[in-house]
Amino acid sequence: MSAPTAVLDVGGGPGLPQRRELRTPVPGPRSLELQRRRAAVVSAGLSSTMPVYAAAAGGGVLVDVDGNSFIDLGSGIAVTTAGNSAPRVVEDTAAQLTRFTHTCAMITPYEGYVRVAEELAAIVPGDHAVKTALFNTGSEAVENAVKIARYATGRTAVAVVDHAYHGRTNLTMAMTAKAVPYKDGFGPFAPEVYRAPTSYPFRDGTDLDGAPINGPAAAARAIAHLERAVGASRLAALVIEPIQGEGGFIVPAPGFLPALAAWCREHGIVLVADEVQSGIARTGAWFACDHDGVVPDLVTTAKGLGGGLPIAAVSGRADLMDAVHPGGLGGTYGGNPVACAAALATLRTIREENLLDRAVEIETLALGRLRELQRTDPRIGDVRGRGAMIGIEFVRPGSHEPDADLAKRVATAAHEAGVIVLTCGTFGNVVRLLPPLVIPNDLLSEGLDVLADALSGGAR
């Protein structure tokens, strides 16, 4: 076995120099050595977007073990929204570590859990009483939201929509639309999950009469399908991402979500907003459903809630959350005290640093620059998003045919030039941008310039 690679001794957090700098080819020698060691001991089923190994991160950069500094437009898939190793998160989690690391909230509860629930009750949409249960991951949160909806309604069927992504557990794989890599070979899946068409403005086109499929029309299409295929009286829940994440950063047309919410209310169907990727300030509001004026019955959060530590939540109407019998919800690590400290510090950082407004500033800068590119490049079919959740959909020029190869080439060229971006989409043809909200404007602009260079140069 080879000797361990020496780890680059550099501190993280916002004190890192905020610059893009490549000292070696990407990947560098230390990353290559770690990759060789990883291949010997880590499952091949775990893949990585970047070929480099992190040593430090903060602000808008990530530094690898070779000393290369990358502009971070990924935030660990929307996790480090308030910044990597944000000072309040570091300070408060360190303090909690010295008090206790675990007691299990189901055995000996603690104030941090209660405080996180209080904070979520203050920001979850609606003026009803809100209660919360804490878990570890987004998949857990979604699965428990379904459990709650089924228990409260006495119904079993669950509706989701095309292009949805809800997780990697057995139930959430059934709820996820994309087969490869998420579902292929892992069945059989949980039953009683039904899929309806969604609102995808770039691809919806017109109906049989030639009328454009706007938000209300897309909702009517989805509702008609569910009423035929399942029946409203059998549905426990409709689970939907207000902005779809892995499916392609799809922002539904105006009127789509409100129409679905009204239908759910009429038929006693629990509306679950899956805000695992879009929630906690990412879109310029606490929750993406706020933009549409939609008040869901239950909301799931994770990712950006913990500032990098694993924590997730189901929050919503108190009558629903209290419907489950005592002991019906829980988990050994759910609402871990250190993760609770991180969540409280993250929410405080978002408030004190006005990061909701900052997300809107990022949207203005990023969409403006990318739409300039779109006007002169027919391979960019669509640019969309809200706040710091932006997608670029690539197509064959003159068509809507997805170009996944181009998206991959653009992302690879950006990586090699020192910018972290991610791909997504049912067709694999979307490059997504999820910068931390604390990224400096000049660094964000430079990252967008690198993307433009990738399109005009190496990605061709």
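Coordinate-derived values only; no laboratory data. In this text the structure is predicted, and so the values were computed from the model without any measurement. Quick reminder, even Gly has a Cβ in these numbers, built from the backbone with ideal geometry, and neighbours come from all protein chains shown.
Per-residue HN-Hα couplings for segment 203-210, Karplus 6.51 cos²θ - 1.76 cosθ + 1.60 at θ = phi - 60°, whole Hz, x for Gly and Pro?
10, 6, x, 10, 7, 5, 8, x
Positive end of the charge dipole of the chain (Lys, Arg +1 and Asp, Glu -1 on Cβ, about the Cα centre): tell me which of Leu34, Thr153, Thr103 has its Cα farthest that way.
Farthest towards the positive pole: Leu34.
With a ≥ b ≥ c taken as the square roots of the eigenvalues of the C-alpha gyration tensor of segment 382-460, please select rounded if a/c is under 1.5 and otherwise prolate if a/b is larger than b/c or oblate if it is not?
Values: a/c = 2.04, a/b = 1.37, b/c = 1.49.
Oblate, because a/c is 1.5 or more while a/b does not exceed b/c.
Under the rule a/c < 1.5 gives rounded, and otherwise a/b versus b/c splits prolate from oblate, where does segment 186-302 land using the Cα gyration tensor? Mind dumping the intermediate values first?
Values: a/c = 1.40, a/b = 1.08, b/c = 1.30.
Note, shape of segment 186-302 comes out rounded.
Beta carbons within 10 angstrom, averaged per residue: use that to sort the peptides 409-420, 123-134, highest first.
On the way: 409-420: 21.1, 123-134: 19.1.
In descending order of packing, they fall as 409-420, 123-134.
Could you tell me the center-to-center distance, by alpha carbons, between segment 142-168 and segment 386-460 in angstrom?
Here the answer is 32 Å between Cα centres.
Report, by chain and number, residues whose modeled amide H sits under 5 Å from the one on Gly335, excluding near sequence neighbours (fewer than 5 apart, same chain).
Phe135, Ala312
Less than 19 Å from a label point 7 Å out along the Cα-to-Cβ axis of Asp184: which backbone N atoms in segment 421-459 qualify, by residue?
In segment 421-459, the label zone of Asp184 (backbone N under 19 Å from the point 7 Å along Cα→Cβ) covers 423-430.
Keeping to pairs on different chains or 8 or more places apart, tell me how many lysine pairs in the chain have Cα atoms under 21 Å apart. Spell out each step's value before the answer.
Values: Lys131/Lys147; Lys131/Lys303; Lys147/Lys303; Lys178/Lys303; Lys178/Lys408.
The number of close lysine pairs in the chain is 5.
Highest mean first, what order results for 259-265, 308-314, 206-212 on Cβ atoms within 10 Å? Please list the in-between numbers first.
Details: 259-265: 19.9, 308-314: 25.4, 206-212: 8.6.
Per-residue Cβ counts within 10 Å, averaged per peptide and sorted highest first, yield 308-314, 259-265, 206-212.
List every residue whose amide H lies under 5 Å from the amide H of Leu238, counting only residues 5 or more places away in sequence or on a different chain, with H placed 1.01 Å from N in the peptide plane.
Residues meeting the criterion, in which the H sits 1.01 Å from N, are Ala159, Val270, Leu271, Val272.
What does the highest-first list of 442-454, 362-374 look like by mean Cβ count within 10 Å?
442-454, 362-374
How big is the dipole moment of segment 104-161 about its Cα centre under a simple scheme where the beta carbon of each Lys and Arg is +1, that of each Asp and Glu is -1, and everything else is neutral? Debye, nearest 20, please.
300
Only one of the values (i) 143; (ii) 233; (iii) 151 was calculated from this structure for volume of the Cα convex hull per residue in Å³; name its label.
Among (i) 143; (ii) 233; (iii) 151, the one derived from this structure is (iii).
Normalised by the residues of segment 312-460, what does the relative contact order come to in percent, with Cα pairs under 8 Å and at least six apart? Please list the in-between numbers first.
Values: 172 pairs, mean separation 27.2, N = 149.
In percent, rounded to a whole number, it is 18.
Determine the gain in length on full extension of the stretch Glu227-Val114; use 0.36 nm per residue of separation and subtract their C-alpha separation, reporting nm with one decimal. Mind dumping the intermediate values first?
Numbers: separation 113, 0.36 × 113 = 40.68 nm, distance 3.97 nm.
Full extension from Glu227 to Val114 adds 36.7 nm.
Among bridges DSSP assigns within the chain, what percent are antiparallel (round to 5)?
Numbers: 33 of 49 bridges.
In the chain, DSSP labels about 65 percent of beta bridges as antiparallel.
In segment 130-149, which residues have a backbone nitrogen under 16 Å from the label point lying 7 Å from Thr332's Cα in the Cα-to-Cβ direction?
Residues 135-137 qualify, since their backbone N sits under 16 Å from the label point.
With unit charges on the beta carbon (Lys/Arg positive, Asp/Glu negative), name the residue among Val438, Gly368, Val63 whose Cα is farthest towards the positive pole of the charge dipole of the chain.
Val63
With +1 on each Lys and Arg Cβ and -1 on each Asp and Glu Cβ, and nothing else charged, work out how big the dipole of the chain is about its Cα centre, in Debye to the nearest 20.
On the way: 40 positive and 48 negative charges, 169 e Å.
Around 820 debye, computed over the chain.
Below 8 Å between Cα atoms, with a sequence gap of 6+, how large is the relative contact order for the chain in percent? Walk me through the numbers before you get to the answer.
Details: 1001 pairs, mean separation 96.9, N = 460.
Result for the chain is 21 percent.
Tell me the Rg and the Dmax, in Å, that the Cα atoms of segment 88-352 produce.
When restricted to Cα atoms, segment 88-352 yields Rg and Dmax of 18.4, 67 Å.
At 222 nm, what value in deg cm²/dmol follows for the chain if DSSP H runs of at least 4 each add -39500 (n - 2.57) and the sum is divided by all its residues, to the nearest 500? Walk me through the intermediate numbers first.
On the way: 14 runs with 167 residues, N = 460.
Taken over the chain, the calculation gives -11500 deg cm²/dmol.
Work out the length of the dipole vector of segment 177-325 about its Cα centre, built from +1 on the beta-carbon of each Lys and Arg and -1 on the beta-carbon of each Asp and Glu, and round it to the nearest 20 debye. Don't skip to the answer; put the middle values down first.
On the way: 11 positive and 16 negative charges, 53 e Å.
That gives segment 177-325 a dipole magnitude of about 260 debye.
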